[in-house]
Amino acid sequence: MLAYGCPADATDEYIKIGESTTIEILKRFCRAVVEEFTGKYLRSPNATDIARLLRIGKDRGFPGMLGSLDCMHWKWKNCPTAWAGQYAGRSGSPTIILEAVVDYDMWIWHAYFDLPGTNNDINVLEASHLFANLAQGIAPPANYVIQGKEYNMGYYLADGIYPKWSTLVQTIHDPRGRKKKIIFNETRRMYKRRRTCI
């Protein structure tokens, strides 16, 4: 079901497992994944993780960067007809949106699926919990220095649709000059690696 997006009743035809058994197996699989990986992967970064992310960002020419933020829009081919209107995006067909933050090592440490409705990257960002801790002042410290100025908040690399917040740095779309081209090429490489992961 996960690999091919087929409904539970279709598995009986191909692998001779009944619909109710298929659903129960899928639920057990999901519970096992959560149990096994919650402690290491399904969590926000702690102070040690932040230090590692800042070190990696600095080594790659992005001091203070905690990861890349983006939304993916998938066409929901097997959306139930009764739900289709709720999940219709600007394309008119049902879509699912996933917001994710990924670091250079492809660790996805923040993921948020949207709610029903016509959502874009901005709506999803405002509804997700990514900046909730930061707004309450309880996020782990991210201290770094750029050109002699000290900063205490990390930032996320994002594309141009996101708001111009101090915690979101937009990519350079049209680089001019040697230094900007180097940054542009590094950003593009990171973006391509992130896309292959998601």
How much length is gained if the chain between Phe113 and Asn185 is pulled fully straight, taking 0.36 nm per residue apart and subtracting their Cα-Cα distance, in nm to one decimal?
23.0 nm
Hey, what do the phi angles of segment 158-166 turn into as Karplus ³J(HN,Hα) couplings, whole Hz, using 6.51/-1.76/1.60 and θ = phi - 60°, x for Gly and Pro?
9, 8, x, 6, 6, x, 8, 9, 5
Would you please give the residues with an amide H less than 5 Å from that of Trp76, counting only those at least 5 places away or on a separate chain, with H modeled from the backbone geometry?
Thr95, Ile96
Under 10 Å, Cα contacts only: if you run a Gaussian network model on the chain, which one of Leu26, Leu168, Leu66 comes out with the highest mean-square fluctuation?
Leu26
Relative contact order (percent) for the chain, with alpha-carbon contacts under 8 angstrom and 6 or more residues of separation?
17
Going from the fewest other Cβ atoms within 10 Å to the most, one would list Trp83, Trp109 as Trp83, Trp109
Inter-part distance where segment 92-107 and segment 8-86 are each reduced to a Cα centre, Å:
9
Taking a ≥ b ≥ c as the square roots of the Cα gyration tensor eigenvalues, with a/c under 1.5 meaning rounded and otherwise prolate when a/b beats b/c, else oblate, which class fits segment 1-42?
prolate
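Please rank His129, His110, fewest neighbouring Cβ atoms within 10 Å first, as an exposure proxy.
Numbers: His129 9, His110 18.
If I rank by nearby Cβ atoms, fewest first, I get His129, His110.
Would you mind ranking Trp165, Trp107 so that the residue whose beta carbon has the fewest other beta carbons within 10 Å leads the list? Mind dumping the intermediate values first?
Working: Trp165 13, Trp107 16.
Fewest-to-most ranking of Trp165, Trp107: Trp165, Trp107.
Each reported figure results from applying straightforward, stated rules to the coordinates on display, with no laboratory input. Not measured: the values here are computed from a predicted model. All Cβ positions, even for glycine, are placed from backbone atoms using ideal geometry, and neighbour counts span all protein chains on display.
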